[in-house]
Amino acid sequence: MKKLTYDELRNMYLDFFKSHGHKEIQNASLIPENDPTVLFTTAGMHPLVPYLLGEKHPAGTRLTDVQRCIRTGDIDEVGDTSHLTFFEMLGNWSLGDYFKKEAIQMSFEFLTKHLGIPVEQLAVTCFAGNEFIPKDEETASIWKECGLKDEQIFFTKEDNWWGPAGITGPCGPDSEMFINDLSKPACGPDCGPSCHCGKYMEIWNDVFMQYNKKADGTFEPLKQKNVDTGMGLERVLRVMNGLNDVYRTEVFSDVIAKLEKISSKTYTGNEKLFRKIADHVRAATFILGDVRGVKPSNTEQGYVLRRIIRSAIRALKQLDVNDNVLATLAEMFIEKHKKYYLELEQNKAVVLEALEKEETLFKRTLQSGLKEMEKVMARLGDNKVIDGQTAFHLYDTFGFPLEFTQEVASENGIKVDVDGFKKCFEEHQAKSRAGAEQKFKGGLADHSEQTTKYHTATHILQAVLRKYIDGNICQKGSNLTAERMRFDFSFGRKMTPEELALVEQKVNEIISADLPVKMEEMTLAEAQASGAMGLFTNKYDAEKVKVYTVGDNVSKEICGGPHVEHTGTMGHFRIVKEEASSAGVRRIKAVLE
Ligand code: SER
């Protein structure tokens with residue numbers, strides 16, 4: 001195996017897939033656009049869902065990129081040698097182009113020829129079949145043709161089906177690739193990739209997305225057969241450098257060294273705390289510094305951010321670090337990653353200030369909250385459950401997010417009554433947090449007919465606001481569900497009732513006129529020259545973009561779609577609320593009835 005640096009691995013992957021006809025696309029924000037059902041981008045396929053469902057991608061049918069991801073489900077796993085909350089995913093996609101054979105052959109070629117991993121160190125898993133979908137013998141036989149032996153090929157049901165990320169959407173059987181640590185003995189007769197004994201480490205997943213799961217639980221074949229792959233950059237870096245710990249790779253090593261200095265403690269012996277701090281600060285830096293960055297808060301992404309920052313602050317306390325250090329560590333991550341994520345440098349002041357503020361704020365209550373918790377836990381006796389009321393008190397008075405309380409409690413073998421907490425919470429009318437709960441459970445965007453209508457409505461609303469209220473208004477964000485739309489835009493004051501009535505009327509006039517919505521593909525330069533508005537231009541491939549025009553230039557925007565074909569199908573537009581979103585940004589909530 002070749003020793004590789006972070007830069008070399010990144011470039012090697014992209015170059016390999018480019019040499020196989022893939023176009024490199026810009027990776028998307030960590031905060032999904034127009035997707036109300038998930039808080040963060042969790043995989044490279046996430047921003048590509050419309051294209052996996054059949055929309056035409058401007059860059060073609062073979063794509064590759066490096067996508068930043070956050071997996072909230074992994075936060076509790078952080079502390080071992082491989083799990084990360086934030087990670088980078090190397091990915092390649094076929095949108096109705098190649099399928100199993102070519103995908104596996106390319107994976108095999110990259111692993112063995114380019115990374116130089118000996119064939120005997122590989123192990124793969126394939127789908128064992130279930131009542132709906134047959135066993136994936138085809139995939140296994142392609143691996144055999146590549147040179148894998150029977151004993152290197154495993155079949156599972158649960159671990160070899162990917163998606164949908166939510167309740168509905170693209171999904172299919174997958175084939176996961178593992179490194180078998182030949183120096184470790186098998187843990188038993190059934191030792192294999194699924195036993196998680198540490199002998200096998202997953203590094204890559206080829207998903208054969210050929211089904212769409214419908215709301216009634218049945219599967220229909222997708223219009224096109226896609227391939228979606230994802231490889232964990234940090235994990236591969238670990239393997240390539242002969243390390244047994246991702247935190248020893250160059251991505252983390254200098255931050256770990258700095259922490260050793262700050263705490264006057266060694267990493268060895270304190271791994272869990274060091275890992276938690278390093279992981280959480282890196283994730284927080286990326287969330288705060290994102291192009292659509294958010295601040296710590298009590299709702300949605302801001303809540304997750306607050307939770308991980310507060311966990312890191314506690315871990316620092318456990319290492320007896322008393323000074324504020326989060327900003328210092330974040331600065332190191334910014335330096336390291338700014339080459340590929342320019343926004344980290346641009347938003348550096350915001351990131352550092354927010355961390356400093358949160359660290360100062362939480363330290364005021366952390367100590368007394370922990371004391372209170374100790375008292376509570378000591379009183380529990382045999383009943384090893386902290387009741388909901390107490391958990392809510394810890395949240396409300398000391399700023400302990402529920403998961404934070406659970407984390408401290410579980411270290412003492414104690415559980416928390418989550419339902420009781422939620423009940424107290426709801427009694428306190430914390431609706432927004434309940435909304436976030438929905439999102440934790442949720443999955444991919446709902447690309448239903450109704451959200452498509454709302455999507456077109458955001459374009460019309462923006463055009464009307466610019467024409468009738470202020471020509472400088474521009475979109476700052478949007479969030480669509482099948483029930484309503486939210487549209488954030490730059491504007492310095494509250495809108496008057498007359499202005500809102502006018503906007504409503506003008507949007508409805510455009511809808512009633514039943515104007516056609518036209519899509520054209522052009523280069524970004526042509527789109528800009530045509531006067532199209534480009535909201536998140538860094539997301540689009542520079543070569544070709546889609547431009548959606550409503551009527552005869554009522555609205556013209558660069559956008560991935562999908563949109564209605566005629567405005568007449570959209571129904572009646574009604575503004576439910578207009579309110580402040582953040583400084584200089586207003587928010588309109590509206591429905592189509
Ligand atoms: N979507 C697949 C995964 O997350 C491949 O990237 O594993």
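The values are calculated or read from the model by the stated rules, or taken from the named source; none is laboratory data. Everything numeric in this text was worked out from a predicted model, so none of it was measured. All Cβ positions, even for glycine, are placed from backbone atoms using ideal geometry, and neighbour counts span all protein chains on display. For accessibility, only protein heavy atoms count, side chains too; no ligands or nucleic acids. Shrake-Rupley method; radii C 1.70, N 1.55, O 1.52, S 1.80 Å.
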Counting just the residues of segment 187-196 that are under 20 Å from residue 80 (Cβ atoms) and open to solvent by 60 Å² or more (accessible area, probe 1.4 Å), which one comes out nearest to the ligand (Cβ to nearest atom)? 196
Give the residues of segment 90-134 that are touching a strand residue (DSSP E or B) at 6+ places or on another chain (Cβ under 7 Å), of a type outside the set (Ser, Thr, Tyr) and either in a helix (DSSP H, G or I) or surrounded by fewer than 20 Cβ atoms within 10 Å (Cβ to Cβ) (or both), sorted by residue number. 96, 97, 99, 100, 103, 104, 111, 121, 128, 132, 133
Outside any helix (DSSP H, G or I), open to solvent by less than 70 Å² (accessible area, probe 1.4 Å) and either farther than 30 Å from residue 90 by Cα or touching a Phe, Trp or Tyr at 6+ places or on another chain (Cβ under 9 Å) (or both): is that true of residue 404 in this structure? no
Check whether at least one residue in segment 165-181 is modelled with pLDDT of 90 or more, out of contact with any Cys (no Cβ under 9 Å at 6 or more places or on another chain), more than 16 Å from the ligand (Cβ to nearest atom) and in a loop (DSSP other than H, G, I, E, B), and report yes or no. yes
Quick check on segment 78-87. Is at least one of its residues within 16 Å of the ligand (Cβ to nearest atom), over 30 Å from residue 316 (Cβ atoms) and touching an Asp or Glu at 6+ places or on another chain (Cβ under 9 Å)? no
Across segment 182-218, what is the total count of residues that are over 21 Å from residue 50 (Cα atoms), in contact (Cβ under 8 Å) with a residue 60 or more places away in the chain and either assigned to a strand (DSSP E or B) or of a type in the set (Ser, Thr, Tyr) (or both)? 4
Sort through 234, 220, 202 and tell me the only one that's of a type outside the set (Ser, Thr, Tyr) and within 13 Å of the ligand (Cβ to nearest atom). 202
Just checking, how many residues over segment 261-298 are without any contact (Cβ under 8 Å) to a residue 40 or more places away in the chain, open to solvent by 30 Å² or more (accessible area, probe 1.4 Å) and more than 27 Å from the chain's Cα centre (by Cα)? 5
Picked from segment 147-164 (must be aromatic (Phe, Trp, Tyr) and open to solvent by less than 60 Å² (accessible area, probe 1.4 Å)), the residue nearest to the ligand (Cβ to nearest atom) is 162
Set 43, 103: member being closer than 30 Å to residue 309 by Cα, within 16 Å of the ligand (Cβ to nearest atom) and of a type in the set (Gly, Ala, Ser): 43
Working carefully through the options 376, 350, find the one that is of a type in the set (Val, Ile, Thr) and farther than 16 Å from residue 296 by Cβ. 376
I want to confirm something. Restricting to segment 308-343 and keeping residues that are within 23 Å of residue 67 (Cα to Cα) and of a type in the set (Lys, Arg), which single residue is most open to solvent (accessible area, probe 1.4 Å)? 339
Within segment 219-260, how many residues turn out to be part of a loop (DSSP other than H, G, I, E, B), open to solvent by less than 50 Å² (accessible area, probe 1.4 Å) and either aliphatic (A, V, I, L, M) or touching a residue at least 60 places away in the same chain (Cβ under 8 Å) (or both)? 4
Members of segment 59-73 found to be under 18 Å from residue 31 (Cβ atoms) and either open to solvent by 50 Å² or more (accessible area, probe 1.4 Å) or without any contact (Cβ under 8 Å) to a residue 40 or more places away in the chain (or both), listed by number: 69, 71, 73
